[in-house]
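See below for the structure under consideration.
The values are calculated or read from the model by the stated rules, or taken from the named source; none is laboratory data. Note that the coordinates shown come from a computational prediction; the quantities given were computed from them, not determined experimentally. For neighbour counting, all protein chains shown are included, and Cβ atoms are generated from backbone atoms with ideal geometry for every residue, glycine included. Each accessible area value is taken on the protein alone, full model and side chains, heavy atoms only, with ligands, DNA and RNA left out. Shrake-Rupley method; radii C 1.70, N 1.55, O 1.52, S 1.80 Å.
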Amino acid sequence: MIRQEDVSIELKNAEPLQYGREEYLKFHEEISSKEREITVLFQEKPVFDIMVPKGVFNPYGGIAAQAFVSGVLNEQINAEGKRTLDLGCGCGIIGLSCILKGSTNVVFSDLHPNVTAISNHPLFREQDRVTVQDLCATEQDGAYDLAFMPFPSRSIDRPIASDSYEMGILRNDDLVFRGIEQVGRVLASGGEFVFFYRVFNDRFPLYLEVTSQLAKYFDLTTVKLLWYIGEAKGHGLLLSVKKY
Ligand SMILES: C[S@@+](CC[C@H](N)C(=O)[O-])C[C@H]1O[C@@H](n2cnc3c(N)ncnc32)[C@H](O)[C@@H]1O
């Protein structure tokens, strides 16, 4: 199992925040209200800094980004030599970790318009690309060996504005089904899909529906539970599965 606690995120030059993570929406509204620089640490040593643009999901205080990054940096998720898609990239924390671990190229993709700032990061190379689009709609079939998607946690039934902080934390469940289909299309045969999503206890059937959707594109005998968190109202799952 991935050691999520190996990765921590610090806010640089932090002034006190008014809201804590228990007030999830307010916390994210406040933390995304302006650009803020973070430091990513692995086993307590700083690895890189990132400026999280205004409105873009800030992984400070969260859990999922740490689990993905821990998996990449400790090589339980093998990024070396892979054509990598960081889908729902936000500030780019997962893809930048893959660059450090030798991915051949990384495409950072997100619908939030402010993510383009990733191309200014010192780790970003000529062969990497950042693109604003719905999921990976304009990417070619079979173009990737490794794809990540940290699906936003909370499920809602209304539209979300693409330039709002809500994009990082709220999802229509349709996004999960569309995401699986799109990643199933852009991964090459044998390619690996690593994703995080939360299932709430009152929506448990969704887990079964998601599994059925995965079965259309992925070999379910290869599913790995990389990390898991049990919470009062549900469960967070970091899963990996290979394309047929
Ligand atoms: C939980 S955040 C994760 C951000 C970043 N990967 C991290 O770990 O810090 C989910 C990301 O998915 C993006 N997203 C939501 N819906 C999307 C869509 N339809 N197409 C592309 N990206 C989307 C959000 O803008 C947000 O950046």
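Being under 18 Å from GLU181 (Cβ atoms) and among the acidic types (Asp, Glu) is the filter; apply it to region 191-219 and report the residue that is least open to solvent (accessible area, probe 1.4 Å).
GLU192
Which count do you get for residues in region 108-125 that are more than 12 Å from the ligand (Cβ to nearest atom) and either closer than 19 Å to THR138 by Cα or assigned to a helix (DSSP H, G or I) (or both)?
Result for region 108-125: 4.
Could you grab me the full set of residues in region 144-176 that are open to solvent by 30 Å² or more (accessible area, probe 1.4 Å) and either closer than 24 Å to THR84 by Cα or not in a loop (DSSP other than H, G, I, E, B) (or both)?
ASP145, PRO150, ARG154, SER155, SER162, TYR165, GLU166, MET167, ASP174, LEU175
Assess whether PHE196 counts as being touching a residue at least 60 places away in the same chain (Cβ under 8 Å) and either under 19 Å from GLY236 (Cα atoms) or of a type in the set (S, T, N, Q) (or both). Outline the logic, then answer.
Numbers: touching a residue at least 60 places away in the same chain (Cβ under 8 Å): yes; either under 19 Å from GLY236 (Cα atoms) or of a type in the set (S, T, N, Q) (or both): yes.
So PHE196 fits the description; yes.
Return the total of residues in region 30-76 being among the basic types (Lys, Arg) and in contact with a Lys or Arg (Cβ under 7 Å, 6 or more places away or on another chain).
Of the residues in region 30-76, 2 are among the basic types (Lys, Arg) and in contact with a Lys or Arg (Cβ under 7 Å, 6 or more places away or on another chain).
Quick one: which residue in CYS136, CYS89, CYS98 is away from the ligand (no atom under 11 Å from the Cβ) and either assigned to a helix (DSSP H, G or I) or not charged (D, E, K, R) (or both)?
CYS98
Just a yes or no: is a residue in region 78-89 of a type in the set (S, T, N, Q), surrounded by fewer than 24 Cβ atoms within 10 Å (Cβ to Cβ), over 24 Å from LEU237 (Cα atoms) and more than 12 Å from the chain's Cα centre (by Cα)? So that I can check it myself, show each step before the final result.
To start, the set of residues in region 78-89 that are of a type in the set (S, T, N, Q) comprises 78, 84.
Keeping just the survivors that are surrounded by fewer than 24 Cβ atoms within 10 Å (Cβ to Cβ) gives 78.
Next, from what is left, pick out any that are over 24 Å from LEU237 (Cα atoms): none.
For region 78-89, residues of a type in the set (S, T, N, Q), surrounded by fewer than 24 Cβ atoms within 10 Å (Cβ to Cβ), over 24 Å from LEU237 (Cα atoms) and more than 12 Å from the chain's Cα centre (by Cα): absent.
Out of everything in region 33-54 that is open to solvent by 10 Å² or more (accessible area, probe 1.4 Å) and under 22 Å from ASP163 (Cα atoms), what residue ends up being nearest to the ligand (Cβ to nearest atom)?
The residue in question is PRO53.
Does ASP110 meet the test of being closer than 27 Å to GLY236 by Cβ, buried (at least 16 other Cβ atoms within 10 Å of the Cβ) and in contact with a Cys (Cβ under 6 Å, 6 or more places away or on another chain)?
Numbers: closer than 27 Å to GLY236 by Cβ: yes; buried (at least 16 other Cβ atoms within 10 Å of the Cβ): yes; in contact with a Cys (Cβ under 6 Å, 6 or more places away or on another chain): yes.
For ASP110, the condition - closer than 27 Å to GLY236 by Cβ, buried (at least 16 other Cβ atoms within 10 Å of the Cβ) and in contact with a Cys (Cβ under 6 Å, 6 or more places away or on another chain) - is met.
So is ILE180 within 15 Å of the ligand (Cβ to nearest atom), more than 20 Å from TYR24 (Cβ to Cβ) and assigned to a helix (DSSP H, G or I) or not? Even if it seems obvious, please write down each step before you answer.
Values: within 15 Å of the ligand (Cβ to nearest atom): yes; more than 20 Å from TYR24 (Cβ to Cβ): yes; assigned to a helix (DSSP H, G or I): yes.
It is true that ILE180 is within 15 Å of the ligand (Cβ to nearest atom), more than 20 Å from TYR24 (Cβ to Cβ) and assigned to a helix (DSSP H, G or I).
If we only count strands (runs of 3 or more DSSP E) wholly inside region 1-83, which ones have 2 or more residues that are touching a Cys at 6+ places or on another chain (Cβ under 9 Å) and modelled with pLDDT of 95 or more? Walk me through it before giving the result.
On the way: elements: 7-11, 36-42, 45-52.
Qualifying strands (runs of 3 or more DSSP E): 45-52.
Considering each residue of region 139-168, count those that are near the ligand (Cβ under 9 Å from one of its atoms) and in contact with a strand residue (DSSP E or B) (Cβ under 6 Å, 6 or more places away or on another chain), and give that number.
The qualifying residues number 7.
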